[in-house]
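Working notes, structure below.
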Amino acid sequence: MKMFFSYGRAIMRTATCLAVILLAGGCATAREPPRFSVDDYDPEVTPANGVRHWKTPFTPLGVTGCYVSPIKTRDGRMELWSCVDRRTGPSLEKLGRADTMAERELLTDVSDAKDPATLAENRAFQRGDMRYDEHEGYILFGCVCPDYLPGSVSLAPAILVSKTGEKGTWRYLGKLKGDPADECAKRKVWSDAGSIFRLADGRWRIYLNGFGPVLAAMECDTLDGEWRFLRDDTGGIREMLPCFPKDKEHGGCLPQLLRIDDTDWHCWITDKWPPQSIFHFQSADGLAWKPFGEQPELTRAAFNSVPIKCFRGYYDPVTKQIIGIISVWGKVPYRDMGVWSAAKARLGFLEDDEWWNLYMTTMERNSIGQ
């Protein structure tokens, strides 16, 4: 069976492949939850029900995924992307089955770690942040690696583009040139998430981690040009989230950003791995950030202390609400498993098979912030 480009959709693997590192969107292990106890987070900074600022209860979307990007099309339908896997439907609550829009053959600069002259057999694009731009079309910022081997290989930032998002239309722009390439040449870089935006003057800005700061930013005139980090007065890579409570245990991971307009930016970032809580920051210009009210905003207590992972935000201009989507460990929904009912025994699936499930909540814009 052909292996998928983003490691997503592991439910189509054989029972043997289920033991391989193929988590949806490129997560960190086989089909087992991260191991930690209910006491791993600090109760002094945990809201009683695990939730601040968001409406409860959370709505289960009935599908699995991580690192997802909601996009509303011109005809009003919703798309939910997980790297190059796309679901469509009339709303986020009524999404269809996932379909893969591009394959790993596009990755022409991801070499085998042991044989640089050969393309890596298990190369993949992971942790995608999909945006739609009126001029460029679909832009997928994410990271590529030769295989999912944390610590022994780099997870390097890269970009894919497509005018329509459909199969056969994607172009791989390669690993980012300039400063990020220079840093990756010096050492192994594990850049596990981020977001891309077109600025008002036409330039591009990317926020990402893995290069020293909790969150860094870099800019470029074109998507395939020389990217340069924003730097501080000493010449070092600028820390965009100096107010994040960083210490030896909490370095921040899986960041994602949302720009509602040029004066209202939001950032969500998970505290550490395995995740215990999620923090939310706000900015009036995308450069100077402050906590969005009291933080952390979400902890595992919101989901009976089962594992949580990454958080994604989307703004609905019609309802003027921020929509939040979070990945939570649990039983795979019927919508994802039902299609394989005839093959479950052959593929080794059980009725209580577990994976990262998506839950949705909402928040009124500026309920705490500006």
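Readers should treat all values here as calculations from the given coordinates under stated rules, not as data from a laboratory. What you are looking at is a predicted structure, and each value in this text was computed from that prediction instead of being measured. With ideal geometry, Cβ positions are generated from the backbone for all residues, glycine too; neighbour counts draw on all protein chains shown.
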**Q.** Pairs beyond 26 Å (Cα-Cα), from Lys72/Lys246; Lys248/Lys331; Lys163/Lys320; Lys163/Lys331; Lys246/Lys290
**A.** Lys72/Lys246; Lys248/Lys331; Lys163/Lys320; Lys163/Lys331
Q.
Quick check: pseudo-label points 7 Å beyond the Cα along Cα→Cβ at Ala185 and Lys72, how many nm apart are they?
A. 4.5 nm
Q: Apply the Karplus parameterisation 6.51 cos²θ - 1.76 cosθ + 1.60, with θ equal to phi minus 60°, to every residue of the range 168-179 and state each ³J(HN,Hα) to the nearest whole Hz, in sequence, with x for glycine and proline.
A: x, 10, 7, 10, 9, 8, x, 4, 5, 8, x, 4
**Q.** Sites Thr222 and Glu249, calculated FRET efficiency, Cβ-Cβ separation with R0 41 Å, nearest 0.05
**A.** 0.55
